[in-house]
Amino acid sequence: MTALIHSPEYGKHETGNHPENKERIEAIINSVKESEILSQIDLFKPDICKKEDLLRVHTKKHVENIKEICQRGGGYLDYDTLASPQSYQIAKLSAGGGITAAKLVMDGYKSAYSIGRPPGHHATRDRAMGFCIFNNLAITLEYLRELYKIKKFLIFDFDAHYGNGTADIFYSDPDVLYISIHQDPRTIFPGKGFVEEIGMGEGEGYNLNIPMSPGSTTDDYIYMIERILSPVAQYFNADFYLVDVGFDGHRDDPLSSINLDDDFYGWIAAELMEIAGRMALILEGGYNLPALSRCNIQLINGLNQENNREHPLPQDNLTVRDDTKNSFKEIKEIFSPFFEF
């Protein structure tokens, strides 16, 4: 059974007509409550994370700066990241949602999905950006590393935007393999996430980017993920899997040019369950409300299919673009010193 983590308190991170607003979460939760899937899941409220949890990842200056800005009434943290008076507390609650999800997995759930906001994967150690205040996934990972003594982590991020904050935080860490599939960074924020960004020092080879050209479809994503994720995950042999979930690659989303359909989200959930066995998931982007509603149901259904191992999409006769095939060849060549796929 899958666990979902959510709180109506997330609505107190007030952003008005900003693309990242409280209606996103409401659309997801309402669709869950109105569907038959409610009987197949357990609902939990998140625990707010402690300041010490934040400081395992973020600088003290960054944490204090966010707190002070919110105490003064909020405002823009950068050109597209907004804070309101209660955003410091709610950002801690969102990070706590990730921690709660991970703890539920450690307690026996095969999957636990934190449906919180603000999102996190663009936040660096010392900077809020891209709608993100604190890096929820990184905070969760360091919590597990500190309190549960877990050694090796695999992060898979399928938001349409590269999670530059998460990548930067673990860029030199050989115990954290970060794999991201996202829109070609030449065409979308944050302008990072090229194939050549492979990590550095002891972390070289452990930052694996899969840039997808605008117009890429579900077939293109399946082609790439099937050929890369499973063999790399098998070789790396992580102790724990964390997933950044993005719905902004959907063809109806206004903030990307990727053309995924609804069925992709059920497929990727089932695929990840087959590879990982157990995992914690954390919500990132997705800004078309009807697509968010439908695709979250698909995702949760996919998470609950781990027992039959049957994918909701056929794997034969994919229609794959030439630029996708060429990109795969490039990735395979660059990572040949590190992995075989």
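The values are calculated or read from the model by the stated rules, or taken from the named source; none is laboratory data. In this text the structure is predicted, and so the values were computed from the model without any measurement. Note that we place each Cβ from the backbone using ideal geometry, even for glycine, and neighbour counts take in every protein chain shown.
What do you reckon, is ASP184 acidic (Asp, Glu), surrounded by fewer than 23 Cβ atoms within 10 Å (Cβ to Cβ) and closer than 24 Å to ILE268 by Cα?
Answer is yes for this residue.
Write out, first by first residue and then by second, each pair whose Cβ atoms fall under 8 Å of each other, whose residues are 6+ apart or on separate chains, and whose first residue, in region 130-150, is surrounded by 24 or more Cβ atoms within 10 Å (Cβ to Cβ) while the second is assigned to a helix (DSSP H, G or I) and among the charged types (D, E, K, R).
Here the result reads PHE134/LYS92; ILE139/ASP53, each pair linking region 130-150 to a residue that is assigned to a helix (DSSP H, G or I) and among the charged types (D, E, K, R).
Condition check: buried (at least 20 other Cβ atoms within 10 Å of the Cβ) and among the hydroxyl-bearing types (Ser, Thr, Tyr). Does SER216 satisfy that?
Against the criterion (buried (at least 20 other Cβ atoms within 10 Å of the Cβ) and among the hydroxyl-bearing types (Ser, Thr, Tyr)), SER216 qualifies.
Among the residues of region 263-277, write down those that are out of contact with any Asp or Glu (no Cβ under 9 Å at 6 or more places or on another chain) and surrounded by fewer than 20 Cβ atoms within 10 Å (Cβ to Cβ).
Correct list: ASP263, ILE275.
All but one of (1) free of Cβ contacts under 8 Å to residues at least 60 places away in the same chain; (2) surrounded by fewer than 23 Cβ atoms within 10 Å (Cβ to Cβ); (3) more than 20 Å from MET129 (Cα to Cα) hold for LEU260, so report the exception by its number.
The failed condition is (2).
Out of curiosity, is HIS62 in contact (Cβ under 8 Å) with a residue 24 or more places away in the chain, closer than 25 Å to GLY16 by Cβ and out of contact with any Leu (no Cβ under 8 Å at 6 or more places or on another chain)?
yes
Give ASP219, ASP159 a once-over and let me know the one that is more than 18 Å from the chain's Cα centre (by Cα) and either under 22 Å from TYR113 (Cβ atoms) or of a type in the set (D, E, K, R) (or both).
Going through ASP219, ASP159 in turn, the sole match is ASP219.
Checking the structure you have, find out if any residue of region 250-266 is among the aromatic types (Phe, Trp, Tyr), in a helix (DSSP H, G or I) and either more than 22 Å from GLU330 (Cα to Cα) or touching a Gly at 6+ places or on another chain (Cβ under 8 Å) (or both).
Within region 250-266, one or more residues are among the aromatic types (Phe, Trp, Tyr), in a helix (DSSP H, G or I) and either more than 22 Å from GLU330 (Cα to Cα) or touching a Gly at 6+ places or on another chain (Cβ under 8 Å) (or both).
Tally time: how many residues in region 53-76 are touching a helix residue (DSSP H, G or I) at 6+ places or on another chain (Cβ under 6 Å) and of a type in the set (Asp, Glu)?
Residues that pass the stated criteria total 1.
Could you grab the pairs with beta carbons closer than 6 Å, sequence gap of 6+ or different chains, first residue in region 162-177 and β-branched (Val, Ile, Thr) and at pLDDT 95 or above, second one in a strand (DSSP E or B) and surrounded by fewer than 24 Cβ atoms within 10 Å (Cβ to Cβ)?
VAL176/PHE153
Restricting to region 130-170, and then to whatever is charged (D, E, K, R) and out of contact with any Lys or Arg (no Cβ under 6 Å at 6 or more places or on another chain), can you tell me which residue is nearest to CYS70 (Cα to Cα)?
So the residue we want is ASP168.
Of the conditions (1) over 30 Å from ARG24 (Cβ atoms); (2) in a helix (DSSP H, G or I); (3) touching a residue at least 24 places away in the same chain (Cβ under 8 Å), MET273 fails just one. Which one is it?
That leaves (1) as the condition not met.
As an exercise: evaluate PHE247 against (1) under 14 Å from the mean Cα position of the chain (by Cα); (2) surrounded by fewer than 20 Cβ atoms within 10 Å (Cβ to Cβ) and give the number of the one condition it does not meet.
For PHE247, the exception is condition (2).
Can you pull out every residue in region 106-129 that is surrounded by 24 or more Cβ atoms within 10 Å (Cβ to Cβ) and small (Gly, Ala, Ser)?
Answer for region 106-129, where residues must be surrounded by 24 or more Cβ atoms within 10 Å (Cβ to Cβ) and small (Gly, Ala, Ser): SER111, ALA112, SER114, GLY116, GLY120, ALA123, ALA128.
Any residue in region 192-210 that is among the charged types (D, E, K, R) sitting within a Cβ distance under 7 Å of a residue that is assigned to a loop (DSSP other than H, G, I, E, B)? List the pairs, counting only those 6 or more apart or interchain.
LYS192/TYR162; LYS192/PRO185; GLU202/SER172; GLU202/PRO174; GLU204/ILE198
For the subset of region 64-102 comprising residues that are polar (S, T, N, Q) and in contact with a Gly (Cβ under 7 Å, 6 or more places away or on another chain), which member is surrounded by the most Cβ atoms within 10 Å (Cβ to Cβ)?
SER94
Looking only at region 202-232, count how many residues are of a type in the set (A, V, I, L, M), in contact with a strand residue (DSSP E or B) (Cβ under 6 Å, 6 or more places away or on another chain) and either under 23 Å from ILE28 (Cα atoms) or not in a strand (DSSP E or B) (or both).
Final tally of qualifying residues: 1.
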